[in-house]
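Single-structure report; data block below.
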Amino acid sequence: MGTAGEAKVELIGQWASPFVKRVKWVLRMKGFEYEYVEEDVRNKSERLLSTNPVHKKVPVLVHNGKPIAVSCLWMILFKGLRLAFGPNLLKTRKVLFLKGDEQEEVVKQAIEALDALEGELNAKKFFGGDQVGLVDIVLGWATIWLGVIEEVSDVKLFDSEKHPSLACWMKNFTELSVVKEDIPPRDQLVDYFDKIRNYGPSLPPPPPPPPQE
Ligand SMILES: N[C@@H](CCC(=O)N[C@@H](CS)C(=O)NCC(=O)O)C(=O)O
């Protein structure tokens, strides 16, 4: 069991989830110790169902036995980000499940979002300047999962020539020790999301074993 001062902190997560990774990044950057509990999202544990009875999703942060509504926190942030950057980059995930015209429309929106982020970064190291901040953490999934989505969906979203600031940011972000130490193996992510694409989001086949914590 992890501790933060006298507090006991647990994170219920799943190895391939970008949402879970965000929470891990924050906890690690802030120096909190925590216990990580891997969840099988296809065969949800009593613990997950009792700590997140409404959404039944990971991540769930449990602080001194009390679950914290992580989703609510991120929803507030996403709202702010949507306002700041126009089309939500997170919609990119939909590319995985779409084909034809519908997929093309989401691809167009994702590229617009990347263009807006490129303008926002404007050669800065991180979105807030020299120091990594919450915007980087919220968007940080893109440094790992965007390429996976592109590969699995056979689409091109990110272009390092058109998005040079984002290319540098991706490198800067993935070089942070808290990020670098905990990147899931790319081939396992591709395999996992390929299965999700083929079987649908709600019924993926068994995931591969999680990489070592
Ligand atoms: N907005 C939610 C999204 C969480 C989410 O979608 N988690 C996925 C894993 S990436 C999950 O638990 N899926 C299980 C399910 O849909 O039943 C949050 O930020 O907590």
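Side notes on the structure shown:
- Cα centre as origin, Lys/Arg/Asp/Glu Cβ charges: region 77-179 dipole, Debye: 340 debye
- Using a cut-off of 32 Å between Cα atoms, the listed pairs K66/K124; K8/K91; K66/K156; K56/K124; K57/K180; K8/K124 include K66/K124; K8/K91; K66/K156; K56/K124; K8/K124 as exceeding that distance.
- Sequence-separation-based contact order of region 2-72, relative, with Cα cut under 8 Å and 6+ spacing, percent: 39 percent
- The GluC sites (Glu not before Pro) of region 2-64 that meet both conditions, a loop assignment by DSSP and at most 15 other Cβ atoms within 10 Å of the site Cβ, are E6, E33.
- The charge dipole of region 2-72, taken about the Cα centre with unit charges on the Cβ atoms of Lys, Arg (+1) and Asp, Glu (-1), comes to about 300 debye, rounded to the nearest 20.
- Alpha-carbon Rg/Rh ratio, for region 77-179, with Rh computed the Kirkwood way: 0.95
- Rounded Å value of the spacing that divides the Cα centres of region 18-52 and region 95-126: 28 Å
- Whole-number Å³ per residue for the convex hull built on Cα positions in region 2-72: 80 Å³
Bear in mind these aren't lab numbers, they're just calculated from the coordinates by the rules spelled out. Nothing here was measured: the structure is a model prediction, and the numbers come from that model. Here Cβ is always computed from backbone atoms with ideal geometry, including for glycine, and neighbour counts include all displayed protein chains.
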